[in-house]
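Below: one structure, written as C-alpha cells.
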Amino acid sequence: RHQPAERTYIMRFVTKTIHAWLDYPVAFALVALPFLLGLGADQPLELAISPIVGVAAFLLTVFTDHELGIIRVLPYRLHLAVDLAVGLLFLALPFALGFTGLDAGYYLVNGFAVVAVICLSKPETEIAA
C-alpha cells in the first residue's frame, strides 16, 4: 500500500508587524553599509547597487499597507514579492557580475537573509485568521 508523503511545515513566525519594523533599518543598512565596508574597489556597481536598492526599499516601505507605511497604497503581498525578487537578485549578482571577496559575501549574505525572512513570513491570509 502506498503511504502519502509526510508534509514538512516551515514555522512562519515573521508577522506583518515584525516585517514592518525590519523594513526601515534594513533600507538604511542597504544604503550605508556598502560605504562603511568599502565595497566597490573592483567595480563601481558593487558599491552602487545596494544603496539604490536601499532607497527603493525605503520608498516601498513608505507606500506599503502595513503598520509603518505612511502612504498605504501597495498591498503587503506585493511588498513581499518585491523583497523576494531583491533577495534573489542579490544572490545572483556575484555570479552574474563577477563580484568577489567581501563584495560577493555582502550580496550573498544579504540575499540569503532576505529570502529567509520571506520564507519565514506568514502569508497575509494566516495573519488575518
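The values are calculated or read from the model by the stated rules, or taken from the named source; none is laboratory data. This structure is a prediction, so every number in the text was calculated from the model and none was measured. All Cβ positions, even for glycine, are placed from backbone atoms using ideal geometry, and neighbour counts span all protein chains on display.
Side notes on the structure shown:
- Residue count, segment 32-71 (criterion: crowded, with 17+ Cβ neighbours inside 10 Å, within 19 Å of G105 (Cβ to Cβ) and of a type in the set (A, V, I, L, M, F, W, C)): 4
Per-residue answers, yes or no, for (1) in a helix (DSSP H, G or I); (2) over 24 Å from P123 (Cα atoms); (3) modelled with pLDDT under 95; (4) not charged (D, E, K, R):
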{"site": "P4", "(1), (2), (3), (4)": "no, yes, yes, yes"}
{"site": "T8", "(1), (2), (3), (4)": "no, no, yes, yes"}
{"site": "M11", "(1), (2), (3), (4)": "no, no, yes, yes"}
{"site": "D23", "(1), (2), (3), (4)": "yes, no, no, no"}
{"site": "A29", "(1), (2), (3), (4)": "yes, yes, no, yes"}
{"site": "F35", "(1), (2), (3), (4)": "yes, yes, no, yes"}
{"site": "E67", "(1), (2), (3), (4)": "no, no, yes, no"}
{"site": "P94", "(1), (2), (3), (4)": "yes, yes, no, yes"}
